[in-house]
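The values are calculated or read from the model by the stated rules, or taken from the named source; none is laboratory data. These figures come from a predicted structure and were not determined experimentally. Using ideal geometry, Cβ is built from the backbone for each residue, glycine included, and neighbour counts are taken over all protein chains shown.
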Amino acid sequence: MDAVAKNSHNYGMSLPTAVLRLSTDVLADINDDERLAFAYAHGPALSGFGEEAELVCVWEIDAVPADASTEAVHLTVERFQAHLDALGRGEGWRFPTDEALHVIARFAEGTLLADDSELGSRARAEVTEFPQALADASRETVAAEVESLAKRLGDATDPWELAETLTEGLHRAYVALFAAGGYFFPGREHRAAFVERFLLGEEVPEAEAAVWAAAEAPLPERAERLPVAWRNLARTVLDNC
């Protein structure tokens with residue numbers, strides 16, 4: 001099966017050099033293993049924001065082989081499917097460290113390189129039907145926490161607490177924004193470029209920039225400006241949802 005030809009991101013296009021290297025130098029040594037369910041590549045080289053790519057191998061066994069290549073990331077089918085199911089239930093997305101969103105967003109943006117089991121193609125078909133539960137949960141969460149986050153940001157005096165609150169709040173806001181457009185938030189890197197690509201509202205990165213500018217203001221100015229900037233960002237995101 002020509003898995004690459006099935007991928008809409010790369011239809012009719014040659015693969016980037018970094019992905020070709022992974023396919024020929026790394027995957028070639030793994031692909032004959034019958035335990036391999038599917039493999040895919042993701043990263044800046046495929047998104048158009050850089051030259052790097054990463055190979056992910058998904059194994060149809062209970063545990064990743066002990067001798068699995070260190071040049072790839074490895075998951076079991078069970079773990080991959082658990083992440084997919086969690087997002088389908090509207091879970092596994094609330095924090096930047098949540099693995100479910102991290103894994104599935106990169107799979108959705110990546111390209112299949114091997115798929116003899118056809119499990120990868122089935123998963124690809126599944127991610128094209130964006131989970132409404134995730135869109136609903138993320139939008140409702142952003143709306144529900146506008147005032148509580150504004151208060152926390154206004155009251156914060158510890159820089160670490162301030163950074164954590166901002167990072168988590170911004171993450172959830174962007175998850176909601178992307179979900180409203182039918183996309184899995186791919187993470188903080190290149191978020192403005194992804195927002196522009198997916199036509200999600202150019203005013204959102206501007207509202208985020210205003211939040212960071214307010215966060216950098218000295219106290220007591222920060223305590224006044226930051227809650228206002230946060231409310232504006234949340235309102236902007238919700239207006240685009």
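Descriptive notes on the structure:
- Residue match in the range 59-67 (condition: under 19 Å from the mean Cα position of the chain (by Cα) and either over 26 Å from T167 (Cα atoms) or buried (at least 19 other Cβ atoms within 10 Å of the Cβ) (or both)): no
- Residue list for the range 118-132, restricted to those being polar (S, T, N, Q) and either at pLDDT below 95 or within 16 Å of the chain's Cα centre (by Cα) (or both): T128
- Elements of type helices (runs of 4 or more DSSP H) in the range 11-115, at least 1 residues being within 24 Å of E129 (Cβ to Cβ) and not hydroxyl-bearing (S, T, Y): 44-47, 77-88, 99-109
- Residue ID - farthest from A173 (Cα to Cα), chosen from residues in the range 77-116 that are aromatic (F, W, Y) and buried (at least 22 other Cβ atoms within 10 Å of the Cβ): F80
- Residues located in the range 95-150, provided they are among the basic types (K, R) and without any contact (Cβ under 8 Å) to a residue 60 or more places away in the chain: R122
Here's the yes/no breakdown for (1) out of contact with any Phe, Trp or Tyr (no Cβ under 7 Å at 6 or more places or on another chain); (2) of a type outside the set (V, I, T); (3) closer than 29 Å to F80 by Cα:
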{"position": "A125", "(1), (2), (3)": "yes, yes, yes"}
{"position": "A137", "(1), (2), (3)": "yes, yes, yes"}
{"position": "V142", "(1), (2), (3)": "yes, no, yes"}
{"position": "S148", "(1), (2), (3)": "yes, yes, no"}
{"position": "R152", "(1), (2), (3)": "yes, yes, no"}
{"position": "W160", "(1), (2), (3)": "yes, yes, no"}
{"position": "A163", "(1), (2), (3)": "yes, yes, no"}
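- Evaluation of L153 against (1) within 19 Å of the chain's Cα centre (by Cα); (2) in contact (Cβ under 8 Å) with a residue 12 or more places away in the chain (one fails), failing number: (1)
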